[in-house]
Amino acid sequence: MRKFNFNHLLCCILAFGFALSGIRAAHAAVDPFQRYIVIYNELPITIYPAITAVESEQGAACGTSGLNRRIIVNAGTLGAGIPSRETVTVKLPKLKHCWYTAVRVYLFTVDLTKFEAKIPANQRTVADHVNWSPPLCTTGATGACWSGTAAAQYPVDAPAQLYEYTVISQDPTTGAAFPDPNNPNGVPLADIDVSYVDELYLPVASNVDDGGATPYMGTILPYDKFNTQTKAFLALTTENKPIWSEYAAYTAANWPHNVFNDLGSPQTDHVVGKDIVGDVRIIPPNALPPLSALYDPPYTGPRQCIDVPECSNLAGNCCPTDNGTILACCDKPLPYLTSNTTKTTSLLSRLRLPRALGNPAVGNPAVDNPSVDALVASWTTWVRSDPCAHLAAITTWPSGLALDKQLFCDMFESTVRSVWNSFKDSPNVRNPNGTVTPGCISFTGAAKDRCTVDSIIAFKSNDKGLLNEQVQALLRNVPYGTFSETRWSFDKFILFWAPYGSPFNLFPYSRLVHNPIDGVDAPGAYSFSIDDKFGNFGSRGSGIVLDIGGSTHLLNHDPYDLWEQFRVSFGPGWDHATVCGLPFAIPMNLGNASPVSFWMNGKPQSTCNIALYKDAGETQYAKLQVSEASKTVTDTYTGQTQTVTELAYDPSSCNSNLNAICSGSRLVFTAVPQPVPGDMDPDAGESYVSLSDADKPLVTLVVPAVAP
C-alpha cells in the first residue's frame, strides 16, 4: 500500500487558506473535523463500497494488530450496496481515527456479502458490532453501514476498483501534519487519489468537498465508453503478440468458471496495471507466477487414465476421478492471475522446479506471457541496437514541422540506456524475515532483462532526483532533458503522445490511463507508482466527493491540470479576503495565494469576484473581477499550435478605497514561474517550458502589499 508523502503534498496546498467555517460547500460539516465521503453511483449497475485501512498504520489509538479495518457501505438497508443513481454519505468515526491514513476504498461491482462467502475466511469481514455515534451513514437504517475487521486484504483480482485517500490536521504555524489528525488547532486537509496503478476497472472521478475550488481527479467517462476503450486496448497486438494482459478471471474463457460471475455485474474487463512484469500481478521476472483463487479453469483433456501417458498404469478415470478430483499426472490448466500466461513444460516437469526460482542456476520460469515478452523487447531494442541511426524507419513522431527528430531520438535513447544501467545490476535485498529477494545482478540473459524492466516500471521512490525524473519521462513517451537542454518531460503538449505501436511507447498502459483519444482520459490519476505529477492532489476540506461513472455531482467539472493552476497572490498587509465566493484567511507564514476557480458547487461561473480587506471590520478594501480567456500559442519544441487558458482582468471592475490599488501598474499578472536550477521536483510549478515568454499564459494575479 502506498503511503502519502505529505512533505511532497504540502508544496501544493499550503497556500490554500480557506477558512473552512465559512465555506459554502455542498456537504459542509458543522464540525470541520467530522470527515466524510459522499459516494454517488452513476453506473447502470449497483456498486458495493468497502472502506479499508490497515490498523497499525492509523496510529496507536486504532491498534497495532495489523488487522484490516473495514466499513461496509450500503444505501438504506443491509447488503443493498449503492444502487444506480443513488448516493450515500459516510461519516468516518473520529474515535480511534482508524480510517484516516493511506485508506483504500474498494468499489465492488458484485454483491459483497455473497462474494465474501466465496473467498478465504481470513479475507472476510467480521463485524465488530460497534454502534458508532453518529451513525456511519446518513442514509437509511442505522445498521445499513457497518464496521468490522479482516486478517487479510481482499484478493488482488477482486471485482473492484481502487480509490485512495489520506486526511490530516495541518499545523497552521509550520505546515506539518499534527500527529493527531483531528487536532482542532489545525486545519483539516484531504489528499485524494484515483489509483489506476494496480488495475483499471471502473470510471471514477473525485473532488475534495471545498465548494468547487479545486478540479477533479480521475475520469468522467460513462460506463459504456470506458468499457469500449479498455476492450479496444486489450485487443491490441504487436507482431502477433498481445500488447497487454488482464486478470485471467475476467476473460471470456474463464468468466463462466469464476466465483463471482452470477453475483451482480455483467462481464467487465479488468486491465492489469503497472505490474505487467513484476510484483504479484503478472509473471515475476524470475519466479513462478502467482495464481488466482477466484476461478478454476476447466480441464479439457482425456478423462480415462489409460489415455494419459503419465497415468497409463492406472485404471478407471483420472481426469477427473469419479469424485471430481484431477490427479497430479493430468496437465490441468492452472488459474494464473493474469491472462496470456501459459506453461512451457509439462506439469510434472514444472512441479519438480523449486517454488521460488531465486537461484539463477535454476533458469527461466516454466511459463511464458507474450505480452511481457513484447514489453521487454520494446526496451531492449533501445539498449542493444541504435534506432536513431535509421530515422526513416521510425514512422511515428510528435507532430510538428519544428520537431528536431534526431535530437528527440538521441535524447530518448540516452535516457533509456541511463535508466537501464541504473537497474540492470540492482543488488540482492535481505528482507526483515531473513529471506533474500534477488536483485537483477543475480540473473543473466532473458531473466536479467525481465528483472530490469520489472524494476523500472515498478520503481517506487520519494527521491525527486535524476533517476526518478528519467523513469517518469520514459513512461510518458518522452526523453528527459536537464535544465540546460530541451526539457521534453515538462512539455505538457506531447506527454503520452506515442501510439501504442510506436517504439517510443515503452509503457502502453500509461497512455490508456491518460490519453483522451484512445484511452480513458483520466489526466488526474495514477498510472504507475511515481506518477505523482498527475495523480496526487490535496486541498483543505473536511469531505471527499466520489462520482462513479459520470460528472453530475462533481463540484468542479474541470479536470486536474498541473500547468493550469489559477491563483491570486496577496502582498503583506492584507487581513483576509473572499475569492470566488469562498472566504480566505491569509496565513502569511504558510503562503498567501488562493486558488481561482470558475466553478461553484457544480455550476460554472463566468467570472470570479475577489474582495481584499485590510482590516477585520472590512472598512478598507479593494474589489475586482477576473475571468478566463483562451489564446492560441506555438509549442516551440514541435511547432504545433495549441490552445491555452489564462486569467483575464477588466480594470473597470476594480473598486477600492485604498490609494492606487486599482492602478494597472500595481496589479500584475504573471505566468507560472520558471523552475530554478537544481529544482528536480516536477510538482513545484514548472512553467510552460516549450512556449516563448510572450506565449506563456497568465495564471497568477499578484495583488500588491498595503501599508500597515
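The values are calculated or read from the model by the stated rules, or taken from the named source; none is laboratory data. All values derive from a computational prediction rather than experimental measurement. Ideal geometry is used to build each Cβ from the backbone, glycine not excepted, and the neighbour counts take in all protein chains shown.
Brief remarks follow.
- Condition check for A629: among the hydrophobic types (A, V, I, L, M, F, W, C) and either in contact (Cβ under 8 Å) with a residue 40 or more places away in the chain or in a loop (DSSP other than H, G, I, E, B) (or both): no
- Subset of the range 441-458 [touching a residue at least 40 places away in the same chain (Cβ under 8 Å), surrounded by 17 or more Cβ atoms within 10 Å (Cβ to Cβ) and not aliphatic (A, V, I, L, M)]: S442, F443, D449, R450, C451, T452, D454, S455
- Where N317 falls short, out of the listed (1) within 42 Å of the chain's Cα centre (by Cα); (2) at pLDDT 90 or above: (1)
- Residue in the range 254-264 that is aliphatic (A, V, I, L, M) and either within 30 Å of A446 (Cα to Cα) or at pLDDT below 85 (or both) present: no
- Figure legend. Inter-residue proximity from the range 563-584: first residues at positive phi, second residues part of a strand (DSSP E or B) and of a type outside the set (V, I, T), beta-carbon distance below 6 Å, spacing 6+ or different chains. Indicated pairs: C580/C608; G581/M600.
- Taking the range 424-449 as the range and being in contact with a helix residue (DSSP H, G or I) (Cβ under 6 Å, 6 or more places away or on another chain) and assigned to a helix (DSSP H, G or I) as the test, the residues that pass are C440, S442, K448, D449.
- Any chance Y106 is buried (at least 20 other Cβ atoms within 10 Å of the Cβ), in contact with a Pro (Cβ under 6 Å, 6 or more places away or on another chain) and not hydrophobic (A, V, I, L, M, F, W, C): no
- The set of residues in the range 377-423 being outside any helix (DSSP H, G or I), at pLDDT 95 or above and of a type in the set (G, A, S) consists of S385 alone.
- Residue check, V105 outside any loop (DSSP other than H, G, I, E, B) and farther than 21 Å from H270 by Cα: no
- One residue alone among S461, S510, S489 is farther than 23 Å from F408 by Cα, in contact with a helix residue (DSSP H, G or I) (Cβ under 6 Å, 6 or more places away or on another chain) and in contact (Cβ under 8 Å) with a residue 12 or more places away in the chain, and that residue is S461.
- Residue match in the range 576-599 (condition: part of a loop (DSSP other than H, G, I, E, B), surrounded by fewer than 19 Cβ atoms within 10 Å (Cβ to Cβ) and touching a Phe, Trp or Tyr at 6+ places or on another chain (Cβ under 7 Å)): no
- Residue list for the range 482-541, filter: part of a helix (DSSP H, G or I) and under 17 Å from G218 (Cβ atoms): Y509, S510, R511, L512, V513, H514, D532, K533, F534, G535
- Meets criteria (surrounded by fewer than 17 Cβ atoms within 10 Å (Cβ to Cβ), over 30 Å from the mean Cα position of the chain (by Cα) and part of a strand (DSSP E or B)) for A648: yes
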